[in-house]
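Here is the structure we will look at.
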Amino acid sequence: MNNEVIFDVTTASKTYKLTDSIVFNITGNPDVISFYSGEAGRSYDNKDRVSRNDGNLKMSFQIRMDSLAGFTAVSSGNFKVLASTNFIAAYSTSADLVAAASQDSAMVNKATWVDISSRFTLPKTGTINTFYLSGEVSLSDLIKVPTDPIYLAYQYKGNPTGNLGANGITIGSPVLFNAFSDGSTVNYNLVPGGTVSTIWKVLKSANALNSWATSTSQLKFTSPATALYSEDWAISNAFYPNIAVPDNAVGIKNISNNPISRYSYKFTKAGDYKVVFVASNNRPDNINVKIKEVNITVN
């Protein structure tokens, strides 16, 4: 039985105004017709895409000190912002807190952590109880392999630089997003969400008297007046900024529908679009496909 796909698509013009509703004239009667508009998320060229490298991964936050010792922690290098793409978050489930801390510390130190502190504008002097903006910085260069995750961490490591105060070093408004070349943006959640955070893991590698803590919207590192060496981490979940979801088509006809002779579509932004129609005849023993491409300019 002949299963050839007889199908064609034409338009009255190749150029349209943004206010126009474009009519695509269709001939033939395939079983199924799918429509790719060429817009972000609807591109035929990206139907099989599983990763992309055209994004600019950016991070920002605010930082506040409860005492002058907090500024010293920054200037001395005790406070750091770190990132890793090879960390494996296999945290200990041991009920023995000392043993769990030791196991987790060993796990964290197996990873390669890049110090990204200098990318941000971190205050080394200033006014206490005042939030300072870190600035928005790019982290895209850290992702070497598209399928790699990225973990972010705030760390306090070293001998205490003085009593940090009741609220210590506070991190607020943490933001992480990927801005892609097609204008789309993917946001990643860095907001702690509560005292038991599902976004951040707190580790006390050395000196349990000092610790990071999370609240609904902030992270805080506090240090009592102690001279003991500390190593304390707040480590984020893994984020996969270069993993991509394949673009999808819109189905405009299935095998049970009557033949269609036209399809209308209105774009919401000016630009050049590669519009693709995929038509197919689907039989138990074979599937035949025909693809029609129409290039449209909208201004």
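Each reported figure results from applying straightforward, stated rules to the coordinates on display, with no laboratory input. Keep in mind the model is a prediction, meaning the values are calculated, not measured. Glycine gets a Cβ as well: all are built from the backbone with ideal geometry, and neighbour counts include every protein chain shown.
For this structure, a couple of remarks:
- Computed helical MRE - 222 nm, the chain, DSSP H runs ≥ 4 contributing -39500 (n - 2.57), nearest 500: -2500 deg cm²/dmol
- Cβ-Cβ distance of N3 and D272, R₀ of 51 Å, FRET efficiency by 1/(1 + (r/R0)^6): the value works out to about 0.90.
- Each Lys and Arg adds +1 at its Cβ and each Asp and Glu adds -1 at its Cβ; summed about the Cα centre, the chain shows a dipole of about 380 debye.
- Annotation for segment 37-112 versus segment 127-180: alpha-carbon center distance of 9 Å.
- 0 to 90° range, to nearest 10: angle between helix 97-110 axis and the chain longest Cα axis: 60 degrees
- Whole-Hz couplings from phi, Karplus 6.51/-1.76/1.60, listed for segment 51-65; x for Gly and Pro: 8, 8, 10, 9, x, 10, 7, 10, 9, 7, 6, 10, 9, 9, 10
- Rounded to 0.05, the FRET efficiency of the T121 and K17 pair, given R0 = 45 Å and the Cβ-Cβ distance, is 0.50.
- Across segment 27-38, rounded Karplus estimates of 3J(HN,Hα) from the backbone phi angles (6.51 cos²θ - 1.76 cosθ + 1.60, θ = phi - 60°) give 10, x, 9, x, 5, 10, 10, 10, 10, 10, 6, x Hz, Gly and Pro being marked x.
- The label point for T147 and the one for S184, both projected 7 Å from the Cα toward the Cβ, are 2.1 nm apart.
- Charge-dipole axis of the chain as Lys and Arg at +1 and Asp and Glu at -1 on Cβ define it, positive-most pick from N187, Y156, A234: N187
- Positive-end residue, segment 4-69 charge dipole about Cα centroid, Cβ charges, pick of A12, I33, G55: G55
- Over 32 Å apart at the Cα level, from the set K14/K47; K17/K58; K144/K266; K110/K220; K144/K201; K47/K110, are K17/K58; K144/K266; K47/K110.
- Of D115, D285, D31, the residue with the greatest mean-square motion in the GNM of the chain, using alpha carbon springs below 10 Å, is D285.
- Distant-in-sequence amide H partners of K253 (H built 1.01 Å from N, under 5 Å): I33
- Relative contact order of the chain, pairs being alpha-carbon contacts under 8 Å that are 6 or more residues apart, as %: 32 percent
- Average Cα contact separation per residue, segment 132-232, under 8 Å, 6 or more apart, as relative contact order %: 32 percent
- Distances between placed amide hydrogens fall under 5 Å for L164 paired with S223, all partners being 5 or more residues away or on another chain.
- Between the amide H of Q218 and those of G193, distances stay under 5 Å, these residues lying 5 or more places away or on another chain, with hydrogens modeled in the peptide plane.
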